[in-house]
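Read-outs throughout are calculated quantities, based only on the coordinates presented, and are distinct from any laboratory measurement. Owing to the predicted nature of the structure, the values given are computational and were not obtained by experimental measurement. Neighbour counts are summed over all protein chains in view; Cβ atoms, including those assigned to glycine, are modelled from backbone coordinates with ideal geometry.
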Amino acid sequence: MEKLSRENVAPLEQYAVMRAEFKKEVLAHKKNRRVPLGEHATLYFEDTLTMRYQAQEILRIEKIFEADQITEELEAYNPLIPDGTNWKATFMIEYEDVDERKAALEKMIGIEDCVWVKVDRFDPVYAIADEDMDRETEEKTSAVHFLRFELDAEMIQAAKNGADIGAGIDHAEYQQKIEILPTNIRDSLANDLE
């Protein structure tokens, strides 16, 4: 999958013109990459388009136009783009009530290591979490984690050939399972693989 570079990111003035249409395109694309796992957890599978949107928005908000600063921002987002043998996702634990969220995060330490994906008949693949930095303490986990699911060649071939894909969480305080993801999501994820 193509990584972000200065050549595929629009300059600020050009982005201002295209922003509304680009946002519409990205939101439609994200519908095929969002996997809710129960009421309070969601996997947002990332790719070049989702990361390009994030980068463009940060460059816009921060008014970054210097070449070296743009490169620095893009280098921060590139690790979240799949490499052809994996899926990468932002994992979010979502509670509207602040006190309820705080209590849940205290009970869910280690949940990021309990998130899995499964291709058809193969064993579940558990996430490699937060490779950039540790996001939990002894008291609580974070509400946001960055995950990588590394697949072997047989799993990749099966997914590309239309095999079912599932996802879930096996944590003592939060367990969810989706045996078969909807076809639109399955197809979008299969396109990430080489």
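Pop the C-beta distance of D187 and E57 into the FRET formula with R0 = 22 Å and round what comes out to the nearest 0.05.
Values: r = 26 Å, r/R0 = 1.20.
Between D187 and E57 the formula returns 0.25.
Where does the charge balance sit around T42 when Lys and Arg score +1, Asp and Glu -1, over other residues with C-beta under 9 Å from its C-beta? Please list the in-between numbers first.
Values: positive: R34; negative: E94.
Net charge in that neighbourhood comes out at 0.
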Cβ-Cβ FRET estimate between K140 and L27, R0 fixed at 25 Å, reported to 0.05: 0.20
Overall form of the range 1-107 per C-alpha gyration tensor (a/c, 1.5; a/b vs b/c): prolate
Fully extended contour minus Cα-Cα distance, from N78 to Y126, at 0.36 nm per residue: 15.1 nm
Gain in span if fully extended, M133 to E100, counting 0.36 nm per residue against the direct Cα distance: 9.4 nm
Where a label projected 7 Å from the Cα of K107 along Cα→Cβ would reach, residues of the range 130-147 with amide N under 14 Å: 141
Mean separation of Cα contacts under 8 Å, 6 or more apart, over the residue count of the range 56-194: relative contact order %: 27
Listed pairs K24/K107; K63/K102; K30/K102; K88/K177 exceeding 30 Å between Cα atoms: K24/K107; K63/K102
J(HN,Hα) series, the range 118-135, from Karplus relation 6.51 cos²θ - 1.76 cosθ + 1.60, nearest Hz, glycine and proline x: 9, 9, 6, 8, 6, 5, x, 10, 7, 5, 9, 9, 6, 5, 7, 5, 6, 10
Cα gyration tensor shape of the range 1-64, rounded if a/c is under 1.5, else prolate or oblate by comparing a/b with b/c: prolate
Kyte-Doolittle mean at least -0.5 and Cα axial length at least 20 Å: DSSP H helices in the chain: 12-30, 48-62
Amide hydrogen neighbours beyond the local backbone of I109, cut-off 5 Å, H modeled: T141
Label zone at E173 (point 7 Å along Cα-to-Cβ), backbone N below 16 Å, the range 101-143: 101-115, 135-143
Prolate/oblate/rounded call for the range 132-172, Cα gyration tensor, a/c under 1.5 rounded: prolate
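With a 10 Å radius around each residue's Cβ, average the other Cβ atoms per peptide and rank 122-131, 175-184, 106-115, 63-72, highest first. List each step's numbers first, then the result.
Values: 122-131: 16.6, 175-184: 13.6, 106-115: 18.8, 63-72: 11.7.
Output ranking for 122-131, 175-184, 106-115, 63-72: 106-115, 122-131, 175-184, 63-72.
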